[in-house]
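Comments concern the structure below.
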Amino acid sequence: MQTKILSPSREWLELAKKYIQAGEVVAFHTETVYGLGADAFSDEAVQKIYALKGRPSDNPLIVHVHREYDIARLIDGEPPYAASLRSAFLPGPLTMVYPSTGKVSKYVSCGLNTLAIRVPSSPAAQAFLREVDLPIAAPSANISKHVSPVTARHVYDDFNGKIPLILDGGACNGGIESTVLDCTGEIPVILREGLVTREMIASVAGDCGIYKMKEGEKPKSPGMAYKHYSPRCKTAYFIAEALEDAIACYEAEVKSGAPCFLCETAVCARLNGYETLDLGGTPEEMARRLYMLLRKGERQATLLIGIEPSEHGGVMAGVLNRLHRAFGVNV
Ligand code: TXA
Ligand code: MG
């Protein structure tokens with residue numbers, strides 16, 4: 001199969017619709033990361049997504065809809081705080097988990113009685129979703145456990161020859177996946193941190209919890225149980241206070257390989273003469289650059305050495321969660 005990469009146009013929309021209606025899987029731009037989408041009503045189409053990604057069959061998918069789509073068909077009611085959150089943050093990088101009516105394919109939620117719904121703000125994603133006018137089940141468009149894709153080229157690198165079409169909307173500005181929020185209880189609870197922060201949600205809903213998995217418990221959001229977002233090279237990770245140890249690790253590798261640091265701008269400045277990838281100075285910048293640099297790092301380095309950024313709180317919670325998973329810290 002030949003994989004086409006097309007920029008937004010009428011041809012692009014018509015082709016995408018044709019493929020989705022034929023039960024194919026197409027990749028599309030969103031404001032967070034690229035998605036690998038298929039008709040959420042079709043068992044066969046949804047199963048194709050799992051097969052293509054090599055995704056475990058117990059890790060449910062998010063359903064994407066355009067902003068005018070009537071989600072009442074898909075969800076079995078919503079608490080008042082969820083309606084307020086929708087009007088405050090959607091379209092945008094917030095996925096909301098609701099009780100499901102069970103109308104979409106059973107493979108979307110992997111046997112859970114809930115459904116995760118997302119209304120992306122990317123104009124390319126909105127145009128695509130409006131054209132097909134169907135709920136589109138879509139995980140991030142990467143091979144399972146690999147770094148999520150933030151350019152059409154990243155998707156191509158993982159799926160060339162395996163999918164017919166990549167809808168190229170440019171680089172993803174957000175850079176990390178949406179916040180996943182459980183809206184089935186008394187108060188909203190974050191299952192995956194992202195660009196819509198706990199503080200932002202609490203300011204609208206009055207309160208917001210963060211789900212922490214207890215030892216031995218079955219995770220509420222099964223994706224949390226897996227190592228994720230990992231570059232395909234050796235990795236090491238250090239706290240900022242252990243910079244001397246990180247440099248010793250670099251020096252040991254450089255004798256036979258090509259090490260590279262991944263760190264915030266202020267730390268890069270202290271590593272003059274060493275190979276570095278600059279994550280940036282603000283949480284938003286670090287979110288936007290993280291996956292781009294992990295993909296770049298795995299191509300050019302034999303060992304990627306992550307240094308923990310000094311910033312915490314807000315969007316940094318999501319960035320740190322992805323960094324820790326990519327480097328295998330606390331997972
Ligand atoms: O930004 C995003 O969310 C991107 C773009 C493409 O929209 N999508 C994405 O999908 O990150 P994926 O499949 O890589 O991650 C979906 C996460 C997983 O951690 C999964 O376990 C969780 O959402 N999830 C999906 N349905 C759920 C449900 N019914 N209950 C709890 N967690 C759910
Ligand atoms: Mg993913």
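The values are calculated or read from the model by the stated rules, or taken from the named source; none is laboratory data. Predicted model only: the values in this text are computed from it and were never measured. Glycine gets a Cβ as well: all are built from the backbone with ideal geometry, and neighbour counts include every protein chain shown.
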Next item on the list: Go through Ser148, Ser122, Ser109 for me and flag whichever is among the hydroxyl-bearing types (Ser, Thr, Tyr), at pLDDT 95 or above and touching a His at 6+ places or on another chain (Cβ under 6 Å).
Entry: Ser122
Next item on the list: Please find, among Gly174, Gly209, the residue that is closer than 24 Å to Arg325 by Cα, within 14 Å of the chain's Cα centre (by Cα) and of a type in the set (Gly, Ala, Ser).
Entry: Gly174
Note to self: For segment 47-61, which positions are within 12 Å of ligand 1 (Cβ to nearest atom), surrounded by fewer than 24 Cβ atoms within 10 Å (Cβ to Cβ) and in contact (Cβ under 8 Å) with a residue 60 or more places away in the chain?
What the structure shows: Ile49, Lys53, Arg55, Pro56, Asp58, Asn59, Pro60
Check: Here are some conditions: (1) in contact with a Phe, Trp or Tyr (Cβ under 6 Å, 6 or more places away or on another chain); (2) modelled with pLDDT of 95 or more; (3) surrounded by fewer than 22 Cβ atoms within 10 Å (Cβ to Cβ). Gly185 meets all but one. Which one does it not meet?
Finding: (1)
Note to self: Can you tell me how many residues within segment 6-40 are within 16 Å of ligand 1 (Cβ to nearest atom), under 14 Å from Leu134 (Cα atoms) and outside any helix (DSSP H, G or I)?
What the structure shows: 6
Next item on the list: Report yes if Arg153 is buried (at least 22 other Cβ atoms within 10 Å of the Cβ) and either within 16 Å of ligand 2 (Cβ to nearest atom) or under 30 Å from Ile5 (Cβ atoms) (or both), otherwise no.
Entry: no
Check: How about segment 133-145: which of its residues are more than 10 Å from ligand 1 (Cβ to nearest atom) and buried (at least 22 other Cβ atoms within 10 Å of the Cβ)?
Finding: Leu134, Pro135
Next item on the list: Scan segment 256-276 and give yes if some residue there is modelled with pLDDT of 95 or more, among the aliphatic types (A, V, I, L, M) and under 17 Å from Asn321 (Cα atoms), otherwise no.
Entry: yes
Next item on the list: From the list Tyr237, Tyr250, pick out the single residue that is assigned to a helix (DSSP H, G or I), aromatic (Phe, Trp, Tyr) and touching a strand residue (DSSP E or B) at 6+ places or on another chain (Cβ under 9 Å).
Entry: Tyr250
Next item on the list: Residue by residue through segment 109-143, note down the ones that are in contact (Cβ under 8 Å) with a residue 60 or more places away in the chain, farther than 11 Å from His64 by Cβ and either in contact with a Pro (Cβ under 7 Å, 6 or more places away or on another chain) or within 16 Å of ligand 2 (Cβ to nearest atom) (or both).
Entry: Cys110, Thr114, Ser121, Ala124, Ala127, Ser140, Ala141, Asn142, Ile143
Checklist line | Only listed residue being of a type in the set (Gly, Ala, Ser) and within 15 Å of the chain's Cα centre (by Cα), chosen from Gly54, Gly23, Gly35 | finding: Gly35
